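Bear in mind these aren't lab numbers, they're just calculated from the coordinates by the rules spelled out. Just so it is clear, the structure is predicted and the values come from calculations on it, not from any experiment. Neighbour counts are summed over all protein chains in view; Cβ atoms, including those assigned to glycine, are modelled from backbone coordinates with ideal geometry.
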Amino acid sequence: MEVKKPPILLLENVKNLKSHDKKQTWRVIKEKLEVLGYVVFDQIIDAANYVPQHRERMFIVCFDKKIFGDNPPFEYPAAIEGPRPKFKDILDPQPPEKYTLTNHLWTYLQNYAAKHKAKGNGFGFGMADLNGVTRTLSARYHKDGSEVLIPQGKKKNPRRLTPREAARLMGFPDHLPIVVSDTQAYRQFGNAVVPLVAEAVAKQIVEVMAWKMKNNGNGCLLKGKVVA
C-alpha cells in the first residue's frame, strides 16, 4: 500500500476489530493509515438492512488527503426504510432430503445446547425465524449448520441451508454458478462480504469522487492524481 498509494481504500473486517486487544489493534491500524496520509472513516454496518441475516461488519473508507483534502464529504449509507427482507423468501420450496439433520446430529445439538444453558451461557444451535432474520452465516457452517437451522415442523428434524440458499442469504443472485463442493461453498459464502452492503458503501465513495471532479473540472482520478 505504501508503494501503490491508492487514492481511495475500502476495507472490511469483523466488528470486533474495533475492540480487539482493548482497542489497541484498531488504534495501530488507524494511526498507520493516517501516517500514510489518509483521512479515515469507519462504521459498523448490519447487513440485515439488505439481506435476512444479522451480520455486523466494520467498513473502513480512506481518502488520500493530498487529493481529497482533510474533510472529504463522505457519509455512510443511511438505513433502508420500509420492511426488511424475510428469511423465508430465500428458501427453496423442495430442498433435497440430504440437508435434513440426522437423528444423531439433531440429538447431539439439542444436548449440547441444554448443557450450556444449564451453565448459564447461550451456546447452542440457532433455529431461524422464517419471518425474520438469521444469525450470522460463518465459514464453519459446513460442520453442522447449527447457527442457522430451518424448522420443518414437529414431526421432522430441522435442516441446514442448501448452498444456493446460503448464497441468497448473502445476497448473491441465482444466476451465479456454484461450481465447488457443498463444503467449499459454505466456507466461501460464510467468508464473503454481502455484495449489497459493499455496493451501498461504494456508491457513497463515488459521490465523493464526483464532488472532487466537480471541484477540479472534468477530470478523473488516475494513479493517485487528478487528471483533467
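Figures for the structure shown
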read-out: Reachable lysines from LYS5, criterion Cα separation under 19 angstrom, eight or more residues apart if same chain; value: LYS30, LYS32, LYS65, LYS66, LYS212, LYS223, LYS225
read-out: Value at 222 nm in deg cm²/dmol, rounded to 500, when DSSP H runs of n ≥ 4 in the chain each add -39,500 (n - 2.57); value: -10000 deg cm²/dmol
read-out: Low-density loop cleavage sites - chymotrypsin sites (Phe, Trp or Tyr not before Pro) in the range 84-173, where at most 12 other Cβ are within 10 Å (DSSP); value: PHE123
read-out: Label selected from (i) 16.5; (ii) 13.4; (iii) 12.0, the criterion being mean projected area of the Cα convex hull in nm² as computed here; value: (i)
read-out: Shape category assigned to the range 87-191 from the gyration tensor of Cα positions, a/c cut at 1.5; value: prolate
